[in-house]
1. Note down the net charge around Val158, summing +1 for each Lys or Arg and -1 for each Asp or Glu among other residues with Cβ under 13 Å from its Cβ.
2. Rounded to the nearest 0.05, what FRET efficiency is calculated for Lys136 and Glu235 with R0 set to 25 Å and r the Cβ-Cβ distance?
3. Using +1 on the beta carbon of Lys and Arg, -1 on that of Asp and Glu, and nothing else charged, what's the dipole of the range 129-242 about the Cα centre, debye to 20?
4. Could you list His221, His133 in order of exposure, starting from the residue whose Cβ has the fewest other Cβ atoms within 10 Å?
5. For the chain, divide the Cα radius of gyration by the Kirkwood radius and give the resulting Rg/Rh value with two decimals.
6. For the range 30-37, in order, what is each residue's ³J(HN,Hα) by Karplus, 6.51 cos²θ - 1.76 cosθ + 1.60 with θ = phi - 60°, in whole Hz (x at glycine and Pro)?
7. Averaging sequence separations of C-alpha pairs under 8 Å and six or more residues apart, then dividing by the length of the range 86-240, give the relative contact order as a whole percent.
8. Explain nothing, just the number: dipole magnitude of the chain about its Cα centre with +1 on each Lys and Arg Cβ and -1 on each Asp and Glu Cβ, in debye rounded to the nearest 20.
Amino acid sequence: MNSFETKTVRDLAVEIPGATRVFEKAGIDYCCGGQRSLADACASAGVTVAEMMNSLEFAKSSPAPAEEPNFLCATLAEIIDHIVTTHHVFTKTELQRLRALIEKVHGVHGDNHPELAQLRSLFQSLSSELEPHMLKEEMVLFPYIVRLETATQHQQSVSAPPFVTVANPVRMMMLEHEAAGYLLEKMRKLTNDYNAPADACFSFKTLYEALPALEKDLHQHIHLENNILFPRAVEMEGELVV
Ligand SMILES: [Fe+2]
Ligand SMILES: [Fe+2]
């Protein structure tokens with residue numbers, strides 16, 4: 001058995017930067033559901049393990065694109081900076097833009113496409129989940145992780161945070177990621193994988209292109225937090241000088 005097959009999806013996503021693109025294309029959850037073995041994940045996604053292993057071997061030997069830096073060697077401060085300036089900025093901008101677009105499309109096509117009312121409601125829930133979530137990360141969790149790393153680099157201690165241990169907000173953020181992932185899944189099912197209907201106007205089509213792009217970015221964003229940043233922060237706190 002190839003060593004890939006028994007590894008978890010999370011481990012492969014962390015070890016092979018190009019693997020996240022391969023998983024995204026195959027519809028394999030590598031952010032919140034990354035603890036499954038590759039064999040299990042392939043069975044659920046209806047992909048053969050052999051095909052997936054070929055794609056992963058190819059990703060492993062191909063250079064990562066410029067927009068996918070290798071975060072295994074990055075400091076936690078660098079990872080946080082990337083998350084905030086790339087993923088948080090994109091998510092905030094898109095949530096705002098798509099909120100107006102979804103209203104417009106629902107207003108024009110809502111009578112003929114009742115699924116748009118449900119899509120609007122799911123999108124509102126997603127926004128209400130993500131906006132305060134990113135704020136909590138930027139205002140509370142990320143500054144603490146940066147302090148933690150600075151203290152570690154200087155072999156100093158760090159004052160106890162109000163949340164006692166970093167594991168507490170991390171657990172909360174991961175639960176919120178799961179909630180966002182659930183909403184994204186429902187949106188994808190509701191829209192038949194974002195297949196725009198035959199009578200869709202330009203705005204409708206634009207919406208059905210933008211939503212999967214937002215979903216893809218969120219998968220990468222959550223993967224960076226759940227699988228790289230958070231485990232390293234928890235480990236770092238455990239090794240800190242008291
Ligand atoms: Fe985030
Ligand atoms: Fe997050």
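Rule-based calculations on the coordinates, nothing more; no lab input. On a predicted model such as this, the values are computed, not experimentally measured, just so you know. Glycine gets a Cβ as well: all are built from the backbone with ideal geometry, and neighbour counts include every protein chain shown.
1. Values: positive: Arg147; negative: Glu149, Glu237, Glu239.
That sum, taken over residues with Cβ under 13 Å, equals -2.
2. Working: r = 21 Å, r/R0 = 0.86.
For Lys136 and Glu235, the calculated efficiency is 0.70.
3. Details: 9 positive and 17 negative charges, 13 e Å.
I would put it at about 60 debye.
4. Numbers: His221 22, His133 18.
Arranged by neighbour count, lowest to highest, His221, His133 become His133, His221.
5. Numbers: Rg = 19.6 Å, Rh = 19.5 Å.
Rounded to two decimals, Rg over Rh is 1.01.
6. 10, 9, 7, x, x, 7, 6, 6
7. On the way: 89 pairs, mean separation 55.6, N = 155.
Reported relative contact order: 36 percent.
8. 280
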